[in-house]
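The values are calculated or read from the model by the stated rules, or taken from the named source; none is laboratory data. Since we're looking at a predicted model, the values are computed, not measured. All Cβ positions, even for glycine, are placed from backbone atoms using ideal geometry, and neighbour counts span all protein chains on display.
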Amino acid sequence: MKTGVMSANRPIITIRNLNHYYGEGALRRQVLFNIDLEIKRGEFVIMTGPSGSGKSTLLSLIGCLRTVQDGSLRVLGQELQRAKGAVRKHVRCQFGYIFQTSNLVEFLTAERNLHLALELHHGNNRKQIHHKTQAILEAVQLGEYGRQYPRQLSGGQRQRIAIACALVSAPQLLLADEPTAALDRKSGRAIVELMRDLAKKQGSAILMVTHDPRILDVADRIIRVEDGKLKRDYRQEIALALPGLHEQQLEELEVDSDIQTFQPGQYIVRQGEWAEHVYFLVDGTLEVLLDATKNNKAQARRLRVLRRGDYFGEIGLLSNEKRTASVRVTTDKTATVILLKRGAFLSLMQQSKSTETLITQRVQQRLLLTRIATALPQANIQSIINLLPQIRVLHYGPNSVVIQAGDIADFFYVVVSGTLEVIKHTEQEEEVVIRQLNPGDYFGEIALVKNLQRSATIRVTGKQVAKLITLDRTMFRKLLDESINLEPHMKDAFEKQIRDEVSRLSRHQFKGGVAKKV
């Protein structure tokens, strides 16, 4: 019997213009329409869709349980269009299958169920069967349960044995139909992660049908069958980023026309641009860059890396301000993103309290990182990120005194909003404003580093409230020390930054004396 031969780089599944019909004559009804799909070796694809949409029909065609009527369907290199029953049976024997129920033989032990699965494949002698059985039992963490009967195992354990039976022969393709339906959240996720890890280790491709939203993030790609048509499930990609959304909210989103692909190294948004969209990353890797200009030379610091399931652009959109950072595609491959307009994004937040809370917390963390990284360009980014949960943001009303001359130095401050004034007193006790602090400025570091008392007063000006990021002495010293320890070449630059600030403040002259360091 001659079947296709798989090369190392050929897709496991290739479908082109596949159509399928039920019934004959006047009762003939089309259930699949122009299906195109490709699944590569090592890829984990989840297929979703409502009941009656056609996904079970498509799975049965791929699984060689139905005859291909119209179009091309190649599995493991074998064209199944017009393939005879014997050919389909031969191809089918090369798959692994996992179903909603474990489908174990109840009167055989777990070991014997595995032996049975291996005996279906030629070339396994008794010694090999024993070795492979023990190895796969250990892999599914049931090494001590080999002699237990299915009735003696829990639902999760039975499903682990079913996974072992499906993977013990190292198939190139694994088909799974609702494998977590009868399991609780913890067990279901553990099962899927185990299946993914073992399959990828063996180089198997996985196609899973599921309605379980709790495991979608485990897949490399989510596809959806609806009314017999197959497409990428972009709504579920948004659900990965915003897990608090309800199914009805997702169904009402119109996203298919707002998908864009960007080339390696291409900028998606630039710092300083006005915000119009929020972006959800579907494929590829992005880097968030904080742009800076020094001596008319553009510089950029990487704040973080974004991967599938991340979103960006919400800060400028929610505040109706310009972008606080740039986002660029990394140089290794293209990136695909979903663009969501302001109205749609705000509607999602209004309809889901948990989503609003999640986004608000994320915005706060990202703003803190951006503000501190901008104020302290020599600080190590990861050190800032590690400190974020401990950092406090305080609000001071108009004319409030933030620090008083003579106070013990205990905090470092970064101005988020509002304006403040640095005040010195002459020998005649007259107030002299020697400097104004604006958003992005910082103060309080000199006394902390030198362990001095405050030598000037800082007070909020105008009628606006001032918002300040605060780091206590321990946090600031930790940030300083880790920045020096993690990147020794920054030590001189960081200390020079402080010396320059001291020098600049010392140049302010006023009647009755010289301004001291703050």
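Contact map, the stretch 303-324: residues that are outside the structural domain of Val218 (by TED's automatic domain parsing) and of a type in the set (Val, Ile, Thr) paired with residues that are part of a strand (DSSP E or B) and buried (at least 20 other Cβ atoms within 10 Å of the Cβ), Cβ distance under 8 Å, separation 6+ or inter-chain. Pairs shown: Val305/Leu286; Val305/Val288. None of His425, His508 is outside the structural domain of Thr370 (by TED's automatic domain parsing) and at pLDDT 55 or above except His425. In this structure, Arg74 qualifies as among the basic types (Lys, Arg), assigned to a strand (DSSP E or B) and over 20 Å from Leu167 (Cβ atoms). If only residues of the stretch 78-96 that are touching a helix residue (DSSP H, G or I) at 6+ places or on another chain (Cβ under 9 Å) and small (Gly, Ala, Ser) are counted, the one that is modelled with the highest pLDDT is Ala83. Scanning the stretch 353-390 for residues that are buried (at least 18 other Cβ atoms within 10 Å of the Cβ) and farther than 30 Å from Glu445 by Cα turns up Thr355, Ile359. Quick check: anything in the stretch 120-131 outside any loop (DSSP other than H, G, I, E, B), closer than 11 Å to Arg160 by Cβ and of a type outside the set (D, E, K, R)? No; the residues of the stretch 120-131 include none that is outside any loop (DSSP other than H, G, I, E, B), closer than 11 Å to Arg160 by Cβ and of a type outside the set (D, E, K, R). Here Phe99 meets the list (1) hydrophobic (A, V, I, L, M, F, W, C); (2) under 18 Å from Leu173 (Cα atoms); (3) modelled with pLDDT under 90; (4) out of contact with any Pro (no Cβ under 8 Å at 6 or more places or on another chain) almost entirely, failing just condition (4).
Sort out which residues of the stretch 270-284 are surrounded by fewer than 19 Cβ atoms within 10 Å (Cβ to Cβ) and part of a strand (DSSP E or B), and write them in order of number.
Trp274, Asp283
Of all the listed residues (Ala117, Ala190, Ala205), the sole one being over 34 Å from the mean Cα position of the chain (by Cα) and crowded, with 16+ Cβ neighbours inside 10 Å is Ala117.
Residues in the stretch 236-257 that are under 13 Å from Leu348 (Cβ atoms) and outside any helix (DSSP H, G or I): 9 in all. The listed residues are Leu245, Leu250, Leu240, and the only one of them that is of a type outside the set (Asp, Glu) and either in contact with a Gly (Cβ under 7 Å, 6 or more places away or on another chain) or without any contact (Cβ under 8 Å) to a residue 12 or more places away in the chain (or both) turns out to be Leu240.
On the stretch given as the stretch 139-167, residues that are part of a helix (DSSP H, G or I), surrounded by fewer than 19 Cβ atoms within 10 Å (Cβ to Cβ) and at pLDDT 85 or above total 2.
For the stretch 391-410, filtering for residues that are at pLDDT below 90 and either crowded, with 19+ Cβ neighbours inside 10 Å or farther than 27 Å from Val433 by Cβ (or both) leaves 1. Of all residues in the stretch 28-65, those satisfying the criterion of being in contact (Cβ under 8 Å) with a residue 12 or more places away in the chain and polar (S, T, N, Q) are Gln30, Asn34, Thr48, Ser53, Ser56, Thr57.
Residues in the stretch 29-82 that are in contact with a Phe, Trp or Tyr (Cβ under 7 Å, 6 or more places away or on another chain) and either hydroxyl-bearing (Ser, Thr, Tyr) or within 28 Å of Lys201 (Cβ to Cβ) (or both): how many? Quick ask: steps written out before the conclusion?
First, pick out the residues of the stretch 29-82 that are in contact with a Phe, Trp or Tyr (Cβ under 7 Å, 6 or more places away or on another chain): 29-31, 63, 69.
Those still in the list that are either hydroxyl-bearing (Ser, Thr, Tyr) or within 28 Å of Lys201 (Cβ to Cβ) (or both) too: 63.
The qualifying residues number 1.
The set of residues from the stretch 181-235 being within 21 Å of Glu254 (Cα to Cα), touching a residue at least 60 places away in the same chain (Cβ under 8 Å) and either part of a strand (DSSP E or B) or touching a His at 6+ places or on another chain (Cβ under 6 Å) (or both) comprises Arg221, Ile222, Ile223, Arg224, Val225, Glu226, Lys229, Leu230.
Comparison of Val45, Val31 shows that the only residue that is at pLDDT 90 or above, in contact with a helix residue (DSSP H, G or I) (Cβ under 7 Å, 6 or more places away or on another chain) and surrounded by 14 or more Cβ atoms within 10 Å (Cβ to Cβ) is Val31. State all residues of the stretch 63-77 that are touching a helix residue (DSSP H, G or I) at 6+ places or on another chain (Cβ under 7 Å) and surrounded by fewer than 18 Cβ atoms within 10 Å (Cβ to Cβ); if no residue qualifies, say none. The answer is Arg66, and nothing else.
Looking only at residues of the stretch 435-473 that are at pLDDT 90 or above and among the β-branched types (Val, Ile, Thr), we find that the one that is surrounded by the fewest Cβ atoms within 10 Å (Cβ to Cβ) is Val465. Among the residues of the stretch 39-46, not a single one is farther than 20 Å from Arg232 by Cα, in contact with a strand residue (DSSP E or B) (Cβ under 9 Å, 6 or more places away or on another chain), not in a strand (DSSP E or B) and not aliphatic (A, V, I, L, M). Reported count of residues in the stretch 413-461, each being part of a strand (DSSP E or B) and β-branched (Val, Ile, Thr), is 11.
Pairing residues of the stretch 89-111 that are surrounded by 18 or more Cβ atoms within 10 Å (Cβ to Cβ) with residues that are assigned to a strand (DSSP E or B) and not aliphatic (A, V, I, L, M), at Cβ distances under 7 Å and at least 6 apart in sequence or on separate chains, gives Val91/Gln78.
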